[in-house]
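*Asks:* Just passing along the structure, written as structure tokens.
The values are calculated or read from the model by the stated rules, or taken from the named source; none is laboratory data. Just so we're clear, the structure is a prediction, and the values are computed from it rather than from any experiment. Don't worry about glycine lacking a Cβ; one is built from the backbone with ideal geometry, like all the others, and counts go over all protein chains shown. Just so you know, the surface numbers come from the protein's heavy atoms only, side chains and all, with ligands and any DNA or RNA stripped out. Shrake-Rupley method; radii C 1.70, N 1.55, O 1.52, S 1.80 Å.
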Amino acid sequence: MKRICILGSTGSIGTQALQVIEQHSDLYEAYVLTAYNNTELIIEQARKFKPESVVIANEDNYGVVKDALADLPIKVYAGKKALCDVVRDQNVDIVLASMVGFAGLEPTIAAIKAGKTIALANKETLVVAGDLITRLAEEYKTPILPVDSEHSAIFQCLEPGNEIDKILLTCSGGPFRRMSMSQLETVTKSDALAHPTWNMGAKITIDSATLMNKGFEVIEARWLFGVKPEDIQVVVHPQSVIHSAVQFVDGAVKAQLGVPDMRLPIQYAFSYPKRLPLAGERLDLFSIRDLMFEKPDMERFPCLSLAYDALAAGGNMPCVLNAANEVVNRAFIEEKISFVRMSEVIRKTMSKVELVKDCTLETYLETDRLSRAIAAEMI
């Protein structure tokens, strides 16, 4: 029995992870559940799965959760520090890092230092501090297993001992793939949230519309697989049948295909190296009429270009990129900024923050604070 701590159990990844655990209750236990603010759902989850402990990061909601679970032998904690404490529990085997944004960095570091297997769905952790995270994972001999569908696909395609020539990172193109610049100037929040393929949380869905999500995945792939940025090629593939592929030095290309179902990469991270049955839709090749592939348009979607720029600069610049993006993403959802202006604010923020090459956790924390302030002031 593997005991799993889910950082972000009320989000899209967290709820689907609980479906996997429910299907394989003989193999997995939801040992710790955490949420930031969704008291209603985490209370419902706790009553159903009866974890050892629950953390509500927003301390204002502690009393609500505590009282609702008072009749059950579940420990209830609150606050950001508690997130770092629960991942260190000696009974936890796997930490699913599925919190959204920069907030997932410190709990993930705590889990790495505690030697837990990391099922990584929080891409911002590697975007912000890829160099630090990979060094810590090596130092503490902590495996990091990717949960993003694209990175899981790449991971499944790798062959030990065989050198990679190129990573082909697929991208649906989002809801605005065919729109002109003039059309993009008038798109709304509801337009951006209508993703054509995947069912995700609001933040990631907006990032997918701007292609910043794909830019983050480029940075994540660089650290997960140790490849050069120029060897990561983004391929727009609107059908989302091929989740990503690897080209080897002999020219052979190996791809992973499947229906768009995040439970598959979640389960594979839990069960690796074994595969388990998964109830759900199966890919029917006979129903596929076309598989399309296009180059991304970085002029209409400059966020992808900004991600490559941040990766090339190195140091704390990807942290600046992430912080500014979180600010403009929230501002767009709150209808305080237009779709096209999001990339402008990110670019200007990157130009205003000093580049620091050798970074510690404190460097990233200060960079995040400063970058958010600069981006917010521009908005």
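*Asks:* Testing THR125 on (1) free of Cβ contacts under 8 Å to residues at least 60 places away in the same chain; (2) open to solvent by 10 Å² or more (accessible area, probe 1.4 Å), one condition comes back false. Which one is that?
*Replies:* All conditions pass for THR125, except number (2).
*Asks:* Right, here's the next one. Residues in segment 52-64: is at least one within 28 Å of PRO277 (Cα to Cα) and surrounded by 18 or more Cβ atoms within 10 Å (Cβ to Cβ)?
*Replies:* yes
*Asks:* Looking at segment 139-150, is at least one residue closer than 30 Å to LYS336 by Cα, open to solvent by 10 Å² or more (accessible area, probe 1.4 Å), among the aromatic types (Phe, Trp, Tyr) and out of contact with any Cys (no Cβ under 9 Å at 6 or more places or on another chain)?
*Replies:* Start the filter on segment 139-150 by keeping residues that are closer than 30 Å to LYS336 by Cα, which leaves 148.
Checking the rest, the ones that are also open to solvent by 10 Å² or more (accessible area, probe 1.4 Å) come to 148.
Those left that are additionally among the aromatic types (Phe, Trp, Tyr): none.
Checking segment 139-150: not a single residue is closer than 30 Å to LYS336 by Cα, open to solvent by 10 Å² or more (accessible area, probe 1.4 Å), among the aromatic types (Phe, Trp, Tyr) and out of contact with any Cys (no Cβ under 9 Å at 6 or more places or on another chain).
*Asks:* Going by what's in this entry, would ALA312 be described as in contact (Cβ under 8 Å) with a residue 12 or more places away in the chain, open to solvent by 60 Å² or more (accessible area, probe 1.4 Å) and among the small types (Gly, Ala, Ser)?
*Replies:* Here the answer is yes, as ALA312 does meet what is asked.
*Asks:* Name the residues in segment 322-373 that are more than 22 Å from the chain's Cα centre (by Cα), aliphatic (A, V, I, L, M) and open to solvent by 30 Å² or more (accessible area, probe 1.4 Å), would you?
*Replies:* VAL340, LEU355, VAL356, LEU370, ALA373, listed by residue number.
*Asks:* Would you check if ASN91 is more than 15 Å from GLY8 (Cα to Cα), in a helix (DSSP H, G or I) and polar (S, T, N, Q)?
*Replies:* No: the conditions fail for ASN91.
*Asks:* Now for a different question. Of the residues that make up segment 282-295, is at least one free of Cβ contacts under 8 Å to residues at least 24 places away in the same chain, surrounded by fewer than 23 Cβ atoms within 10 Å (Cβ to Cβ) and among the polar types (S, T, N, Q)?
*Replies:* yes
*Asks:* Only one of LEU211, LEU224, LEU257 is surrounded by fewer than 19 Cβ atoms within 10 Å (Cβ to Cβ) and of a type in the set (A, V, I, L, M). Can you tell me which?
*Replies:* Exactly one residue qualifies, and that residue is LEU257.
*Asks:* For segment 313-344, which residues satisfy the criterion of being under 28 Å from ILE133 (Cα atoms) and among the acidic types (Asp, Glu)?
*Replies:* GLU326
*Asks:* Out of the residues in segment 230-254 that are in a strand (DSSP E or B) and of a type in the set (Gly, Ala, Ser), which is surrounded by the fewest Cβ atoms within 10 Å (Cβ to Cβ)? Steps first, please.
*Replies:* Within segment 230-254, the subset in a strand (DSSP E or B) is 232-236, 242-248, 253-254.
Cutting the leftovers down to of a type in the set (Gly, Ala, Ser) gives us 244-245.
Details: SER244: 25, ALA245: 22.
Across segment 230-254, the extreme among qualifying residues is ALA245.
*Asks:* Among the residues that make up segment 27-42, is at least one of them assigned to a helix (DSSP H, G or I) and farther than 23 Å from MET262 by Cα?
*Replies:* Yes, that holds for at least one residue.
*Asks:* Continuing with this model, one more query. Considering LEU304, LEU291, which residue is in contact with a strand residue (DSSP E or B) (Cβ under 8 Å, 6 or more places away or on another chain) and at pLDDT below 95?
*Replies:* LEU291
*Asks:* If I go through segment 342-379 residue by residue, how many of them are aliphatic (A, V, I, L, M), at pLDDT 95 or above and outside any helix (DSSP H, G or I)?
*Replies:* Of the residues in segment 342-379, 3 are aliphatic (A, V, I, L, M), at pLDDT 95 or above and outside any helix (DSSP H, G or I).
*Asks:* Among the residues of segment 154-165, is any crowded, with 24+ Cβ neighbours inside 10 Å and either within 13 Å of the chain's Cα centre (by Cα) or of a type outside the set (S, T, N, Q) (or both)?
*Replies:* yes
*Asks:* Then there's this: Which of the numbered conditions does SER182 fail, given that it passes all the others? Conditions: (1) at pLDDT 95 or above; (2) of a type in the set (Gly, Ala, Ser); (3) surrounded by fewer than 17 Cβ atoms within 10 Å (Cβ to Cβ).
*Replies:* (1)
*Asks:* Let me ask something else about it. Residues ILE21, ILE13, ILE6: which one is assigned to a strand (DSSP E or B) and within 15 Å of PHE270 (Cβ to Cβ)? Before the answer, list the steps.
*Replies:* Working: ILE21 fails: assigned to a strand (DSSP E or B); ILE13 fails: assigned to a strand (DSSP E or B).
Result: ILE6 is the single residue among ILE21, ILE13, ILE6 that is assigned to a strand (DSSP E or B) and within 15 Å of PHE270 (Cβ to Cβ).
*Asks:* What helices (runs of 4 or more DSSP H) lie completely within segment 160-229 and have 1 or more residues being touching a strand residue (DSSP E or B) at 6+ places or on another chain (Cβ under 7 Å), charged (D, E, K, R) and under 26 Å from ALA313 (Cα atoms)?
*Replies:* 212-225
*Asks:* Looking at segment 1-35, which of its residues are closer than 18 Å to LEU69 by Cβ and open to solvent by less than 20 Å² (accessible area, probe 1.4 Å)?
*Replies:* Listed by number, the residues that qualify are CYS5, ILE6, SER9, GLY14, LEU18, ALA30, TYR31, VAL32, LEU33, THR34, ALA35.
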